[in-house]
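The values are calculated or read from the model by the stated rules, or taken from the named source; none is laboratory data. Being a predicted model, the structure only gives us computed values, none of them experimental. When we count neighbours, we look across all protein chains shown, and the Cβ atoms used for this are built from the backbone with ideal geometry, even at glycine. The protein model used for the area step is the full one, side chains on, heavy atoms only, and it has no ligands, DNA or RNA in it. Shrake-Rupley method; radii C 1.70, N 1.55, O 1.52, S 1.80 Å.
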Amino acid sequence: MPHSKFPIWAALLGSGLAGVLVAVQSRINGGLSQELGNGYVTAAASFGSGLIVMCFAVLATRRGRTGLARLRGEVRSGSLPVWTLFGGAGGAFFVLAQGLIAPTMGLALFTVGIVAGQVLGGLVLDRAGLGPGGRIDPTPMRVTGTVLAIVAVALSVGFSGVHGAWLIVFPVIIGVCVSAQSMVNGLVRAAAQSAVASTFVNFVVGTAILAIIAAVSVAMNGWPTNWPSAPYFYLGGIIGTLFIAVAAMLVRTAGVLLLSMSNVAGQLLASVAFEAGAPLAGGLTQGMIAGSAVALLAVVVAALPSRRRGLPD
């Protein structure tokens, strides 16, 4: 398998900037959910708008169309397992949590939970060799960083004083799903040789899942009537397309864990800034600040080189 053309520092920097976009998306979708009073419709609208963008991207790029054809051939021949096409489920649950959970606990606490799940998932998935870069053995630094991420969750919950802080268990689980999403999207991109094609497949799957969930919600509770007029409330899906495409391009260079680490560093910094200046819930607390700081330390520690380096098989 040929080496990636991205140097590791560029991959980590790009992933960190993508993490900032994820925090922006979380703030937008959390705000839209508060306006609509329906997190299920919010998630479907966000992912659906991203799918519209990706439809235009596929139609406008020959590489995207060729990538879809190549992907179809890889699946039919059995070279690419069908289950790898369902990475969009991880993104769907993440966007759903942005609208349902983040407004309750606040963006900073929500992000700390996502961080813990991502680093746990990244460590396990790299060790299992399920990513496109092959097996990457855990180093002492990576294990230490993972433990620190768990400590960050405990600090955030123990000292936050936020109502519904116990809900952080759901962001942790979803963070694991996000790591898996990056892994399978990297496999799909490698098979299609096109980030546009892999991102399109991601949004098709995610939109289908969320549309079904939103339809059930609307049937039970009715269609939301208070749609906000500010255009920025509807940019969540567009931001999601950028994040998923970047993750699919860079996961092979950085590995699942380091990609998650650099990504969540950007998420943490941006989410703390949002919670301080434009909070979704009660604003920053000492627990959130302490937890975010320890989670950021976990990112740095896990990214440090170790004498016992993990090598791909």
Requested in this report: With springs only between Cα atoms under 10 Å apart, run a GNM on the chain and tell me which of Gly78, Gly266, Gly121 wobbles the most.
Outcome: Gly78
**Report entry** Accessible-area value, Trp227, 1.4 Å probe, nucleic acids and ligands omitted, Å²
**Finding:** 90
Report summary line: For the pair Ile8 and Arg63, the simple spin-label estimate (label points 7 Å beyond Cα toward Cβ) gives in nm 2.5
Query raised in the report: So how exposed is Asp126, as accessible area in Å² (1.4 Å probe, rounded to 10)?
Result: 10
Query raised in the report: For the chain, modelled as a Gaussian network with Cα springs under 10 Å, which listed residue fluctuates most, Arg127, Arg72, Arg142?
Result: Arg72
Query raised in the report: Treating the beta-carbon of each Lys and Arg as +1 and of each Asp and Glu as -1, no other charges, what is the dipole magnitude of the chain about its Cα centre, to the nearest 20 debye?
Result: 1000
Query - Per-residue [θ]222 nm for the chain (sum of -39500 (n - 2.57) over DSSP H runs n ≥ 4, rounded to 500) - result: -26500 deg cm²/dmol
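Based on DSSP H assignment, which helices of the chain show an axial Cα extent of at least 20 Å together with a mean Kyte-Doolittle hydropathy greater than or equal to 0.5? Let's see the in-between values first.
Working: long enough: 8-36 (41 Å, 0.96); 39-60 (32 Å, 1.77); 62-77 (23 Å, -1.23); 107-128 (31 Å, 1.58); 140-160 (29 Å, 1.59); 169-192 (35 Å, 1.54); 195-221 (38 Å, 1.93); 236-277 (35 Å, 1.52); 286-303 (26 Å, 2.03).
The answer, listed by residue number, is 8-36, 39-60, 107-128, 140-160, 169-192, 195-221, 236-277, 286-303.
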Query raised in the report: What's the center-to-center distance, using Cα atoms, between the stretch 172-245 and the stretch 272-292 in Å?
Result: 25
Report task. Determine how large the accessible area of Phe170 is when every protein chain is in place; take a 1.4 Å probe and give Å² rounded to the nearest 10. Result -> 90
Query raised in the report: Which whole-number percent gives the relative contact order of the chain, counting Cα pairs below 8 Å spaced six or more residues apart?
Result: 39
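Ignoring ligands, DNA and RNA, what accessible area per residue does the chain give at 1.4 Å, in Å²? Can you show the working numbers first?
Values: 13310 Å² over 313 residues.
With the other protein chains kept in place, the chain gives 43 Å² per residue.
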Query raised in the report: Between Gln98, Gln267, Gln286, which gets the highest mean-square fluctuation from a Gaussian network model of the chain, Cα cutoff 10 Å?
Result: Gln286
Report summary line: With label points set 7 Å from each Cα along the Cα-to-Cβ direction at Ala276 and Ser229, the distance between them in nm comes to 3.3
Query raised in the report: Carbon-plus-sulfur fraction of the accessible area of the chain, 1.4 Å probe, in percent?
Result: 70
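Which length gain, in nm to one decimal place, applies between Ile52 and Arg76 when the Cα-Cα distance is subtracted from 0.36 nm times their residue separation?
Values: separation 24, 0.36 × 24 = 8.64 nm, distance 2.63 nm.
Residue separation times 0.36 nm, minus the Cα-Cα distance, leaves 6.0 nm.
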Report task. Calculate the spin-label point distance for Val169 paired with Ala128, positioning each point 7 Å from the Cα along the beta-carbon direction, and give it in nanometres. Result -> 2.1
